[in-house]
Structures are given as structure tokens and as C-alpha cells.
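Just below is one structure, and these are the notes that go with it.
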Amino acid sequence: MASQTAVPPTTVFSSDTSCGAVGFVTMGCAKNEVDSAAMARALKGAGYRVDAALEDADVVIINTCSFIQSATEESLDAIFEAAQLPRVSCGDAALIVAGCMPARYGDDLATELEEARAFIPCSKEDDIVAIVDGICGIDRASFVQDPAEGKNTPAEAARPIECAGEPFTYVKISDGCDRFCSYCTIPFIRGRYHSFPAERIEADVRRAIEDEGVREIVLIAQDTGRWGQDLPDTPSLAWLVEHLATQYPATWFRIMYLQPEGITDELLSVMARYDNVCSYLDIPLQHVCTPILRAMNRAGSRASFEALIERVQTAVPDITLRTTLIAGFPGETEEDFEELCDFAAEAPFDYIGVFPYSREEGTAAFDLPDQIDEEEKVERAQILRDTADAACAARIAQRVGRTYAVLVEGTEEDGQRYGRAQCQAPEVDGITFIERGEIGDIIPVTIVDTLLYEMEGE
Ligand code: SF4
């Protein structure tokens, strides 16, 4: 997570197993989705099957998000809702609270949430099987060894979890963050930056493509550009992306959450040379006024960001650009805010996410002077959002008449087919309505109309 971002809708999936039944509720961002999927795979590999309703689960796991207050409140709602499930409330089923909330609030949670049987912070999610086994009373030592698999789990359960039907998936390449932006809780929740080894990333990519039929891999992390700097031989993100793109030429690869410092010429060159590496950059800038950026403990300035954008567009002329901006940071004057709006109107971004500053306990910015009152922050965010929408919609309208490769994704309730072009990241940038196409196919589509962020093609 590279910014204060909106909390996407809750997703729910569940699993019932020969050992017991497990149901998940995942709150927050794509990184949490990846973590839930990893926990589910581990549980399935240990003998837990997948298709029970949440109400029938023996164990309900709420994978929480708490990087800002509103996300914490949504996670609490999900916990209280799960606590009222008939089997949970009568004690037949156990409730586990996992993810960011236990990481952020530690032992305080146990006294506040007596409904929960266990708390698993992000750093302990690898222990999920042992914890669920303990709750379900599973003694693995008593299992019959499966000679074919060489491990004490049913062979069927060792198969990978089924794809939910989406032709894209997220693959996490690292976790944690060392940047300590003054407003952000992530370094305290997720810990120090640590890259995942290339072999692990490759295995996740291979499983998604070969076993689940995925056509687009979205590489995510809190800070994707830093990948490899803490690994032996310090491989770069550019190397990783080129390696994956060469191995899987029929799959799109997209990189999200690239801090300005992580955008190297080497990476831009890979983006320009490979058709299956999306010409798309999500660069969270957060602000453009130098004093505000410094108060945020972030580098850069409006001039350096404009120079970066020029460098990016020279290297990859058809690139799509996204950013996120925060309105109402402590000390933001009327002039600072006007400059931010001016930047949103002028800079060539196709998508701009706008968020009011959220004052989070435990962060350096919590104690900064000149905090802006809540109403003013919300008002500034709305003005900035309207400015960004007007500028971005005009840029997107310029796509009419152009032909894009579109990944067919699904069908609306009214039968309308839809997909996404490389210029549209999943879940945040809108979709392209199309006339036909098989889900998972990549087809050429000419854009005939746009409506704000949606495109219509034929
Ligand atoms: S501290 Fe890290 S995760 Fe948080 S906003 Fe800064 S770069 Fe993003």
C-alpha cells in the first residue's frame, strides 16, 4: 500500500473441510486478498475443503484492515457481524481475527474483543494451520501418511484453491515498508520492508497462470520499486518483470504502487519493449508542495514530479498514469491546496485517487500542529476530486477512435459483456463494455464512447 486508499468492498469466501469448515471475510485492499488466499491455500493443503456457507463454518476468519480509522471501523463491523452468526454466538464455531488489526493494536484487542478465539497479526499468518488445528482439535501426528504425496494430508486437499473466475490475480512481491511517511501506519502494521524471493514470486505466478487460467498478473507490494534491494545479488524490479514477461508472453503483467524513486530507466525500457507488460504506472505522489511533502516525510517537489512524468512519457509514449493525492494534511494552507488542485488539473494523469487526510494515532503526523478540521478536510477532498474527475474524464474521452487489446472479464446482470484494456487497472479504473468475447480472451476493441471512467467499444 503506497497511499491512503479507499477500502474496497468486503469479499467473502469459505471452505468446508474434512478436518473442519473454515470461512473467510477479507477486508481492505488487494494485499489482504492475497494474504487470505495464501491462508486458504495452506488450510486446504492441510485437509480443509472449500464450499461451505459461512454460516456452517467451524472457524470464521476475519482478515482485517486498519490502516486508517474508517477501515478499522469497517473491520469491527465485520467482526461483530460474524460474532452474531448462530454457530459462532453459541460457541460451536470459533472466530479468529487476523491481519492488520492484531498487528496494530496487539494485546489491547484481546480485552476489547472477547468474542474472538485467536488473534493472528500479519507476521504470524504462516502459522494459520497450527492455530486452526488447535481450535478444531486436530492432531496431525495421528494422520495416515499419504505415500503419493509424501505428507499427511488428503491428496485432493493439496490441489490449489480454485480461481474465483476472474481472469486476473494479484501477486505480492514484498511486504512491509521502510519509508515511514509521517501519516502512515503501514510500517507499524506490516513491519520493515522485505522482498519475497524471485522463486516464490515465480511459483505464485506459475500457479495462477497454469492452474487457474489467469491472463493478467498484478504485481503488488507497499513499495514495488524497492523489490530486490534486500536480496542476495540485489536483483531489480526491471529484471523480475522482464523475466516473467519473457516466460509468459501470453500473460499481461502490471506493476502497482511505484514510488517516484523506484521508476528507473531500466524499468521503463522493459515496459516499452514488452507488449505484455502494461504501459501503466501508478505513482502515489500524495502532494506537490515541498513543505507539505517534507512534513509527510516524503521527497520530491512539483518540479521534480513534472520532470519525472516527462521522462516517463518520453520513454513510454502511450503510458497510462495514475496517482493518489491527500487533501487537508496538517499545515496545508489555502495556497498549498490551490497548487494541489492546479496540479490535478494540469498534470497528464488518467486517474487520480483523492483522500482526505486521516489523523492516525501512533503516527508522527498525529502530533503535527495546524491540524485541519474534519469538515474542511472533507470539503477540500471533494473539490480536489471534482477537479481531478473533470481533467481525467477529458483525457479518457480522447481514447475514442483508438483500438485497444481488451481482456474479456465477465457479463453484467443485463447480459452486457465487459473487459479491461491495459490502460485500466482492475477494480480502480473502470471497465470497457464490449459486444462479445469469451472470458479470458484478449481481443482488439475500438473505443466508440466514454462515460467518465468507463469505455464502450466494438
Ligand atoms: S510509509 Fe510506505 S506504505 Fe505508507 S504511504 Fe509511505 S510508502 Fe506507502
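The values are calculated or read from the model by the stated rules, or taken from the named source; none is laboratory data. Remember, it's a predicted structure, so these values are computed and weren't measured experimentally. Virtual Cβ from ideal backbone geometry, glycine too; neighbours counted across all protein chains shown.
Worth pointing out:
- Scanning the range 94-107 for residues that are among the charged types (D, E, K, R) and modelled with pLDDT of 85 or more returns a single hit, 104.
Yes or no, residue by residue, for (1) within 16 Å of the ligand (Cβ to nearest atom); (2) farther than 30 Å from residue 180 by Cα; (3) modelled with pLDDT under 90:
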| residue | (1), (2), (3) |
| --- | --- |
| 4 | yes, no, yes |
| 18 | no, yes, yes |
| 26 | no, no, no |
| 48 | no, yes, yes |
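- Taking strands (runs of 3 or more DSSP E) as the structural unit, those lying wholly within the range 368-452 and holding at least 1 residues that are within 30 Å of residue 341 (Cα to Cα) correspond to 417-421, 432-434, 442-451.
- Strands (runs of 3 or more DSSP E) fully within the range 59-146 counting 2 or more residues that are touching a Cys at 6+ places or on another chain (Cβ under 9 Å) and among the aliphatic types (A, V, I, L, M): 94-99
- When every residue of the range 364-374 is checked against the conditions, none turns out to be closer than 19 Å to residue 216 by Cα, touching a residue at least 12 places away in the same chain (Cβ under 8 Å) and either surrounded by 13 or more Cβ atoms within 10 Å (Cβ to Cβ) or of a type outside the set (A, V, I, L, M) (or both).
- Residue 63 falls short on exactly one of the conditions (1) of a type in the set (S, T, N, Q); (2) farther than 23 Å from residue 190 by Cβ; (3) under 19 Å from the mean Cα position of the chain (by Cα), and that condition is (2).
- Residues that are among the β-branched types (Val, Ile, Thr) and either away from the ligand (no atom under 15 Å from the Cβ) or closer than 22 Å to residue 369 by Cα (or both), drawn from the range 310-323: 312, 314, 316, 319, 320
- Taking the range 398-441 as the range and being more than 16 Å from residue 322 (Cα to Cα), buried (at least 21 other Cβ atoms within 10 Å of the Cβ) and touching a residue at least 60 places away in the same chain (Cβ under 8 Å) as the test, the residues that pass are 407, 408, 409.
- The range 284-299 residues that are modelled with pLDDT of 95 or more, paired with ones that are crowded, with 23+ Cβ neighbours inside 10 Å and in a helix (DSSP H, G or I) (beta carbon under 7 Å, 6 or more apart): 287/340; 288/340; 288/343; 289/340
- Members of the range 310-324 found to be of a type in the set (S, T, N, Q) and either in contact with an Asp or Glu (Cβ under 6 Å, 6 or more places away or on another chain) or not in a helix (DSSP H, G or I) (or both), listed by number: 320, 323, 324
- The listed residue being over 17 Å from residue 54 (Cα atoms) and of a type in the set (Asp, Glu), out of 139, 77: 139
- Contacts under 6 angstrom Cβ, first residue in the range 311-322 being touching a residue at least 24 places away in the same chain (Cβ under 8 Å), partner of a type in the set (D, E, K, R), 6 or more apart: 320/350; 321/350; 322/282
- The residue of the range 171-198 that is farthest from the chain's Cα centre (by Cα), among those that are part of a strand (DSSP E or B) and within 14 Å of the ligand (Cβ to nearest atom), is 194.
- Qualifying residue in the range 88-95 (condition: within 27 Å of the chain's Cα centre (by Cα), small (Gly, Ala, Ser), surrounded by 15 or more Cβ atoms within 10 Å (Cβ to Cβ) and closer than 21 Å to residue 37 by Cα): no
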